[in-house]
Each structure stands twice: as C-alpha cells, then as structure tokens.
1. Run the dipole for segment 519-637 about the Cα centre, Lys and Arg Cβ at +1, Asp and Glu Cβ at -1, nothing else charged, and hand back the magnitude in debye, nearest 20.
2. Which pairs in the list K197/K250; K197/K387; K46/K150; K151/K250 are over 24 Å apart, alpha-carbon to alpha-carbon?
3. What is the Cα centroid distance between segment 598-632 and segment 215-241, reported in whole angstrom?
4. Which of the GluC sites (Glu not before Pro) found in segment 517-602 are in a DSSP loop and have at most 14 neighbouring Cβ atoms, other than their own, within 10 Å?
5. Quickly rank 638-647, 238-247 as a protection proxy: mean count of other C-beta atoms within 10 Å, highest first.
6. Given 0.36 nm per residue, what is the gain on full extension from S353 to K596 after removing their alpha carbon distance, in nm?
7. Compute the Kirkwood hydrodynamic radius of segment 534-626, taking the inverse of the mean of 1/r over all pairs of distinct Cα atoms, and give it in Å to one decimal.
8. Mind giving me the nanometre distance, one decimal, between the label points for A578 and Q625, set 7 Å out from Cα along Cα→Cβ?
Amino acid sequence: GALPFRGDTSGVITEAILNRPPIAAVRLNPDVPPKLEEIINKALEKDRELRYRHASDIGTDLKRLRRDSSSGRMSATGAQSIQQPAVDMTSGSASNVPARGAARPMRTKNIVVAAAGILLAAIGFAVYHFKGATTAPSGPARVTQISHWKKPMDGARLSPDGHAVAFTSPVGGVAQVFIMLISGGEPLQLTNDSADKVVDSFSADGTEIYYRPGINDVWVVPTLGGNPNRLALGYAVAPSPDGRWLYYAKMGVIFRSDKSGLGEQEVYRFNTPGLRPRRILPFPAGDHLLVFLSNPQSEIQDFRAYDVNAQTRTALELGEVIGNPLDAVWAEPGTTVLLSRSINGLTNIWKYSLKEKTLTQVTFGAGPDFSPMLDPGGKGIYFVNGKSSGLLTAYNTRTKESTNIVEDATQPAISRDGKRLMYVTVPDQERAEVWVSNIDGSQKLKVATTTSGSLGTGTWAPDNLHLTFMEEETAGKPDKPYVVSADSGRPRELNGIGVVIQNILWSPDQESVYLNGLVTSGWAIWRENVDGSNLEKFVEGCGEVFDVAPDGEYLLNLVPAGEKAGIYELSRADRKCALLLPGVATFGARFAPDGKSFSYAVQSEGRVTIYRQAWRDGMLVGKPQIALKLPFAFPLMYEGNAYDFSPDLSTIVYARPGGHQDLYLLRQK
C-alpha cells in the first residue's frame with residue numbers, strides 16, 4: 001500500500017521518479033515473493049526499453065505468479081496450496097468470498113492477489129506523472145518553476161495581461177499583499193498595516209489590486225505601489241471585463257457599483273440559508289455572472305454554481321460541484337472553469353465544464369496544486385504548489401515563554417480554568433479531528449474525527465470537563481452539533497438547527513446551550529436544553545455570539561465587519577440587542593470570571609493588543625483599557641478562530657501558519 005516515491009511536493013516526487021530507485025518491496029514487507037518484486041521493478045524501470053510495453057504483459061506475469069503460488073511452486077514462502085477467490089480487477093470486488101469461519105489463505109497469497117491492484121495503481125501513479133498534466137493531445141506537458149519564494153503564497157491572482165501575480169504572505173504574523181512578475185524575481189510588498197488580508201482580483205486594466213483586510217471590506221492598492229484606499233463594503237470583488245462595473249457580495253446579496261465604488265445597486269439576493277457567495281466570475285460578454293456559493297464556516301471543498309443575470313435580476317442554478325470555489329478562474333471564458341480539488345488526500349488542478357457539468361483532471365502530481373491561473377497569451381496554466389504548515393503555540397504572559405503544542409492545527413479553545421485546551425487538526429485534505437490536551441500540549445486525547453466534512457470547536461462547559469463542537473457538512477446540508485466529555489471521547493449529538501453553526505456556548509448552570517447559526521438575513525441564536533428538549537430560536541440579527549456572562553443574563557456578540565461592525569450585548573430577559581463598542585475589528589470577546597469586564601484582541605503595528613472593558617449589569621463603565629501588549633503578531637482568523645486567551649490572560653494560544661510555496665507554469669511543448 002506504500003507509494004514507491006515520496007516527497008512533500010510534486011517537484012520532489014517527480015525528481016525521484018526520474019532519477020531514483022524505488023523503495024524495495026521486500027523492505028516494506030518481507031513476505032513479498034521475489035517474483036513479485038521483479039514485476040514491480042520492471043514496471044518502474046527508468047529505461048523505457050526495459051519496461052513493460054503492454055498491460056497484458058503485466059497481467060501475464062501476475063497470472064503466472066498467482067498460479068505458481070497457488071500450486072505450491074513457490075516453496076520459499078512456505079505457503080500451502082489454497083485456491084484464491086477470483087478478483088474482478090475492474091471493480092475490485094471478489095466474485096467468491098469465503099463464508100465466515102472458512103479456512104483463510106496464508107498471508108503471502110493475500111499479498112500476491114492484492115499486490116496486483118496495488119501494482120497497477122503504482123504504475124498509474126507514475127504514468128500520470130510522465131504523461132503530463134493536461135488532456136490535450138498536442139504533446140507532453142512541461143512544468144517550469146517560476147518563483148523561489150519558499151514562503152506561503154495564498155490566494156494568487158494573475159493580472160489581465162499575464163505579466164504579474166498578486167498574492168498574500170505573512171510578514172510578522174500578518175498577511176500582507178505582494179506582487180511578483182511572472183518572469184520571476186523577488187516579490188514586492190504592497191501593504192504594511194496590521195490587518196490580515198485576502199486578494200480578490202486585479203482591476204480590468206491591471207493597474208490596481210482589490211483586496212480585503214476584513215470579512216466585508218474592499219480596499220484597493222496600485223499595482224506599482226502606493227497608498228491603499230478603501231473602496232466599498234463587501235467581499236469577493238470582481239470587475240466586469242470592460243471595467244465599467246465592480247461586482248461584490250454582502251452576506252447573501254450580490255451588488256455592483258462603478259469602478260470608484262459609487263452608485264451601488266443590488267443585483268441579486270440569494271435565498272439559500274447556510275450558503276454565501278464565495279467567488280464571482282463575470283462572463284466575457286453581457287451582464288451575466290458565474291457565482292459560487294458555499295458554507296462560509298466550512299473548509300469543505302464543494303459549492304453550488306449559479307448563472308446570475310444582472311440585467312433581469314434572475315439566477316439559474318447550474319448544479320453542485322466538488323472543488324474549491326475560492327481559487328476558481330475561467331479556463332475558456334463562459335465555458336469552463338479551472339479550480340483545485342482534493343481526492344484521496346491529493347490536491348490537483350481540475351477543469352469544470354458548465355455545459356456538461358463534468359470535471360476533468362489537469363495535473364496529476366502529489367500536489368498540493370492550487371490557485372490555477374490561465375495565461376492570456378497561451379503559454380499555459382500558472383499554479384501554486386507547496387505545502388502549508390504551522391504551529392499551535394501557547395505563550396505564558398508571565399514567564400514570557402512559548403511552547404509549541406501541535407503542528408497544523410487551529411481553532412484553539414481554552415477551558416474556563418485555563419488548564420485545558422481544545423483544537424482542530426487536519427491531517428489531510430479529507431479528514432479533520434478534534435483534540436483536547438493540557439494547556440502545555442501534554443496528555444492529548446482525540447475526541448472526534450470525520451472524513452465526510454470538517455470540524456469546528458465550540459466552548460468548554462463551566463465544569464472544565466465537557467465541551468461542544470460541530471461537524472460542518474457539505475453545501476446545503478445543516479451542520480451537526482455535539483457535546484462530548486474531554487475524558488471519555490464519546491460524542492453525543494444535539495438537535496440540529498438546520499443551518500450552518502458558528503458557535504455553541506454553555507449556560508452558566510450547564511443545563512442548556514446557545515447555538516449561533518447562519519440564516520438568510522444574517523446570524524441567529526437558538527437555545528436548547530442539553531438533553532435535546534425545548535429547542536427555540538432566541539433572537540435574530542445580533543451578530544455572532546462569543547460568550548455568556550457568569551450570571552447568564554447577557555450574551556456577548558460580535559459583528560466582525562461592515563457598516564454594523566462592533567461588539568454587542570444581548571439581554572436574555574428582553575432579548576434586545578445593544579451596541580457596546582462600535583467599529584471594533586476583532587474576532588472574539590470574553591467575559592472576565594467575575595463578570596465585571598470583558599476582553600478582546602486587536603491587531604496593531606505588528607503586534608496584538610488585548611483590551612479590557614469594564615462592564616456591569618449591561619452597561620459600560622469608562623473606556624477600554626490596555627490589558628496586555630504582546631510583543632508579536634498573529635492572525636485572528638485562520639480556518640476559523642486562530643487564537644484564544646485564558647480568562648485571567650495568563651496564557652495565549654495562537655496559530656502560526658506557515659509553509660513553503662512557489663509559482664509554476666504548466667505548458668505543452
């Protein structure tokens with residue numbers, strides 16, 4: 001079951017395929033018959049004149065091997081002559097499965113039969129690499145490395161003339177906008193402020209780059225460098241091909257304005273609870289838009305595609321697609337789309353046909369390949385390849401010491417006593433896990449895993465033992481909430497609310513929970529008993545809930561971006577929503593254990609500052625005060641919340657995303 005060649009990137013694996021011998025099969029499994037190792041080696045021979053010429057030749061050798069092993073001729077293995085069940089190589093199913101309790105063949109014979117399928121898979125793996133990465137018959141593909149950045153290269157976008165690529169990469173813990181010529185060379189940093197950013201697109205003439213430093217805030221920076229300017233409230237901005245319009249989204253609504261951000265008009269309002277527009281691709285002619293919708297809380301790679309007519313304000317659903325909507329670009333404008341997609345833990349570039357509703361694989365390496373960009377001059381397809389990595393780190397604010405807890409994890413949640421930690425890891429593109437540990441990372445316990453969706457952490461109960469988490473489902477399907485004990489690891493499902501879940505919080509008496517869900521108009525809050533009874537919608541339109549006051553009378557909410565951005569409170573008695581601190585750009589807020597104040601984090605000047613706001617019985621007392629200045633910066637969001645702090649501010653746990661990625665060009669000779 002092992003791959004013959006290993007490596008972190010496609011480039012490393014391809015080099016091994018071309019120049020290095022495979023791992024000897026007998027080293028991986030001493031029971032492999034010598035003849036089978038000969039077959040494997042011949043299939044992976046570097047010299048094509050010495051390799052198998054036809055699959056039928058491989059089949060002949062495998063049949064001979066199975067015959068000899070079944071007849072007992074392979075005496076070196078000590079195997080007895082036991083007839084194997086016939087295996088259908090096309091379906092992978094056995095046509096004659098022994099009944100329960102029947103005699104089982106020796107392990108060596110299992111290896112012979114199973115290895116036939118494994119060998120064909122290994123050959124296919126190598127053939128795909130040598131074959132290249134397109135289905136076009138014009139000749140073998142060639143991949144050229146363009147950059148030597150060897151740092152994260154997120155959200156890469158190609159300029160309209162194909163001369164430059166814009167992307168974000170962390171500087172001092174904050175994602176900044178960079179631009180790089182496709183001829184290579186050192187990227188130029190265009191921004192230098194304290195907010196994490198995401199690149200959306202270039203302007204139609206390529207002179208400006210649209211990006212967002214928040215969830216719902218569009219900014220623009222000149223391609224050649226200069227002062228950034230705020231353009232509009234929204235996200236997923238995309239210019240029309242003629243440069244006349246800017247299209248962007250706000251929650252579930254598509255808007256357009258002129259290129260200066262003025263004259264905003266509503267284009268189309270989606271009625272899709274739990275789904276939000278993630279990517280907009282204007283068609284090459286007319287007033288049509290290709291809009292991709294998906295679960296904004298989930299890292300699952302699937303979405304629904306719509307053809308939106310900006311003139312008639314109508315939309316036609318094109319179907320559901322398994323792939324990453326965030327890096328989708330036109331291949332043949334108006335006809336096909338390039339995007340990345342993960343299968344069996346491998347991320348490659350795929351092409352989606354709008355008319356046929358089919359997906360065709362473009363690259364076949366170990367990846368991960370993502371951010372495809374079609375060169376307008378016909379050179380080929382640019383894409384980013386490399387491995388993301390990162391650490392979840394605990395920082396003791398008293399001793400000034402840091403402890404690395406786990407790699408490739410995020411969404412930390414600290415227990416109320418500050419002693420335990422919950423977080424999510426993603427071992428591969430198709431699996432997610434929820435873990436708990438001590439605050440220093442010791443005594444780890446996995447409490448949940450999924451291969452059908454992604455997972456999100458909730459909160460710890462007042463007893464510092466029980467906790468909540470949610471399984472985030474595919475597009476259009478409701479999330480599932482769970483309660484689990486940190487000691488047993490046996491989750492119990494709560495009643496679902498039928499929509500995307502952002503958070504699950506405990507009441508102080510631990511008898512009920514509040515569930516924050518995404519509805520058509522925004523965020524709503526439900527409440528239900530922990531035993532699953534009395535589920536009711538509590539309030540709608542008060543943002544995302546992050547904490548409950550110790551006496552249970554108030555909820556602390558947040559609207560993270562947009563015109564109504566700020567920290568809010570929700571009164572349990574009258575269910576009224578009140579704005580406490582307008583314009584605060586953060587992602588999370590937490591009550592102090594005594595309920596007399598709450599704290600929140602803000603990025604500023606290459607560091608993170610935690611503020612404390614005195615509060616009593618629903619009223620602010622004075623102005624926010626600086627509680628803690630950290631000597632470093634980190635993202636507030638990274639596949640969910642990227643940090644948490646203990647109630648006494650003695651410990652900060654935060655994600656440190658990193659990795660090494662570079663730009664490549666795939667072209668036909």
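1. Values: 13 positive and 14 negative charges, 93 e Å.
For segment 519-637, the charge dipole is close to 440 debye.
2. Values: K197/K250 17 Å; K197/K387 20 Å; K46/K150 30 Å; K151/K250 31 Å.
Exceeds cut-off: K46/K150; K151/K250.
3. Cα centroid of segment 598-632 versus Cα centroid of segment 215-241: 29 Å apart.
4. Values: sites: E528, E536, E540, E544, E553, E563, E569; in loops: E553, E563.
Hits after loop and neighbour filter: E563.
5. Values: 638-647: 21.9, 238-247: 19.1.
Highest to lowest by the protection proxy: 638-647, 238-247.
6. Extra length available between S353 and K596 comes to 81.7 nm.
7. On the way: mean 1/r = 0.0737 Å⁻¹.
Result for segment 534-626, one decimal place: 13.6 Å.
8. Placing both labels 7 Å along Cα→Cβ, they lie 2.2 nm apart.
The values are calculated or read from the model by the stated rules, or taken from the named source; none is laboratory data. Because the structure is predicted, anything quoted here is derived from the model rather than measured. Neighbour counts run over all protein chains shown; Cβ positions are idealised from the backbone, glycine included. Just so you know, the surface numbers come from the protein's heavy atoms only, side chains and all, with ligands and any DNA or RNA stripped out. Shrake-Rupley method; radii C 1.70, N 1.55, O 1.52, S 1.80 Å.
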